[in-house]
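A quick write-up on the structure given underneath.
The values are calculated or read from the model by the stated rules, or taken from the named source; none is laboratory data. What you see is a predicted model; the values in this text were computed from it and never measured. Cβ placement follows ideal geometry from the backbone for every residue including glycine, while neighbour counts extend to all protein chains displayed. What goes into the accessible areas is simple: the full protein's heavy atoms, side chains included, and nothing from ligands, DNA or RNA. Shrake-Rupley method; radii C 1.70, N 1.55, O 1.52, S 1.80 Å.
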Amino acid sequence: MATQKSSGTRVPATSSTLTIGRLLDAPLPELLATSGAEIIDSSITDAEFYGAAIQHRSGRIHLHLPADRSAQERDLMVRTLVGRLLVARHGGSQ
């Protein structure tokens, strides 16, 4: 059974809990809904730019991604950026 850490106590994960497994395996629309994220096409065309994530005080996440990337690249970028926010939100611990 999946669990999530809450105030130092492990509690059962709900269907809306974003776990590492779900981060990697969930269909992209489900991942976006679960994480409260929205993809925004960026006008940045630099080949080195892979995206940026902004988490607002409301908890809403805006993922700014290059519009000219393939669906597979954008999928990977979303999962990477959301994963980084999760780690940052939990102080770098799992």
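General observations
- Looking at the stretch 46-91, the accessible area is 62 square angstrom per residue; that uses a 1.4 Å probe and ignores ligands, DNA and RNA.
- Solvent-accessible area, 1.4 Å probe, carbon plus sulfur percent, for the stretch 30-88: 53
- Local electrostatic count at Ala47 - Lys and Arg +1, Asp and Glu -1, tallied over other residues with Cβ under 12 Å: -3
- Dimensionless Rg over Rh [the stretch 21-94; C-alpha; Kirkwood]: 0.95
- Here the spin labels are modelled as points 7 Å beyond Cα on the Cα-Cβ line, and at Asp41 and Ser70 they lie 2.0 nm apart.
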